[in-house]
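First up is the structure itself, then whatever we jot down about it.
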Amino acid sequence: MYTEIIKIIEGGLSNNPQKVLNYSKHLAKKLKEDGSDKLAGRITKVIQGNSGIPVYKDQLFHAPVDNETRLNIADIIFPENNHVDIIVSKTVNQSVLDFISLVNSREILREKGLEINLSLLLYGPPGCGKTSMAKYIAKELDLPLIVARFDSLISSLLGSTAKNIRKLFDYSKSKPCILFLDEFDAIAKARDDNHETGELKRVINSLLQNIDEFSEAGGILIAATNHEQLLDSAIWRRFEVVININTPSYDEVESLIKMYFNKIQDGIEYEGKKVELLSSCLNGYSHSEIIKILNNAYYNSIIRKENLSYEELFTQYLKYKTNNHFKQDQLIRFLNENSISQKQISSYMNISLRQVRNALNE
């Protein structure tokens, strides 16, 4: 335990809060293993109650800017403002937890003489939670997330783009943070693309060099792309961990619906059969599409001054699927097919029971 205490002191003297945090956690774990539960608990309580955010805010107050436009080339999301809910597969979840553990163990691994590359590439279809996952990781590590703004990072003058990339990496290298490059393919396209100019290829070379230097300096890098097939082959080799985040499975959709119901607490009951049918309808859609459909149903129920209902959920799904192009009789039949009774349909649509029956008998 003497090693942990010395490292905590070193971290404090060098103004390295992450090092203090890592070794404090390690010390608490060793104390607990040795039977000193009370002291281990006190250390854990101190760690949980002190996030070190004021230090981060002082150090990260001014985001880097493009010299010509004076626009920020990055946004900063602090842990205290980082709220995210996400459902992913067990495989993806474990891979993410392993990456978080790798970051938390970086000082210990370096002490053992091991080289460590703290880089993660997330890829998959749009709307499946890559950005949310980056925010989740930053929240779990209690670090600010530096999100590159490619609209201002990429200049009409390609030489300025390379300078902005350098500025962004240098800025992130000097701070306790995570650098997040979303829509990564915007600057990391394959250099053998015949449509790209020689100057743009030099920008990619500059990007690769900056990634290497950033990793060597111990920086934490996360990148995300919807178009992994466009990435330069050399990009893949720069990332220690690569995770494919795909559309939610049926079970994940069901879990997402349950989580949503618990979050809004609007009085809707978790009816197994109807949730199964709703999950089947939403299966194959992205995380963001599912949340959009659920939100639309919830917002409409508020406008109607009613609790969220399955009738509204299925209706909003049909609206999204058909781009709001369906007839009344189609909606009646669709609701009935999904375990909504004739009486419920009549009440929800404000039509007579006879109209409902006539539509179902056609």
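Values quoted throughout were computed directly from the atomic coordinates according to the rules given, and no laboratory measurement underlies them. Quick caveat: nothing in here was measured; it's all calculated off a predicted structure. Here the Cβ is made from the backbone with ideal geometry for all residues, glycine too, and neighbour counts use every protein chain on show.
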**OP:** Mind telling me which of T247, T322, T161 comes out most flexible in a GNM of the chain, alpha-carbon contacts under 10 Å?
**Re:** T322
**OP:** Pairs of Cα atoms under 8 Å, at least six residues apart: use those to get the relative contact order of the chain, whole percent.
**Re:** 15
Original post:
Which pairs, out of K292/K319; K167/K201; K189/K292, put more than 22 Å between their alpha-carbon atoms?
Top reply: K189/K292
Original post:
With the calculation restricted to Cα positions, what are the radius of gyration and Dmax of the chain in angstrom?
Top reply: 25.4, 81
Subject >> Exposure proxy ranking, count of Cβ atoms within 10 Å, fewest first, for H287, H83 >> reply: H83, H287
Subject >> Residues F314, F334, sorted so that the one with the fewest Cβ neighbours within 10 Å comes first >> reply: F334, F314
**OP:** May I ask you to list the lysines whose Cα is less than 25 Å away from that of K32, ignoring any residue fewer than eight positions away on the same chain?
**Re:** K7, K19, K45, K112
Subject >> Relative frequency of Cα-Cα separations exceeding 18 Å in the stretch 272-329, percent >> reply: 32
Subject >> Of all DSSP beta bridges in the chain, antiparallel share, percent nearest 5 >> reply: 25
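How big is the Rg/Rh ratio for the stretch 250-361, C-alpha atoms only, Rh by Kirkwood, two decimals?
When Rh is taken as the Kirkwood radius, the ratio is 0.95.
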**OP:** May I ask you to list, by number, the DSSP H helices of the chain whose Cα span along the axis is at least 20 Å and whose average Kyte-Doolittle hydropathy reaches -0.5 or more?
**Re:** 90-104, 198-216, 250-264, 287-303
**OP:** Fewest Cβ neighbours within 10 Å first, please rank E254, E337 accordingly.
**Re:** E337, E254
Original post:
How big, in percent, is the set of alpha carbon pairs in the stretch 68-226 lying more than 25 Å apart?
Top reply: 32
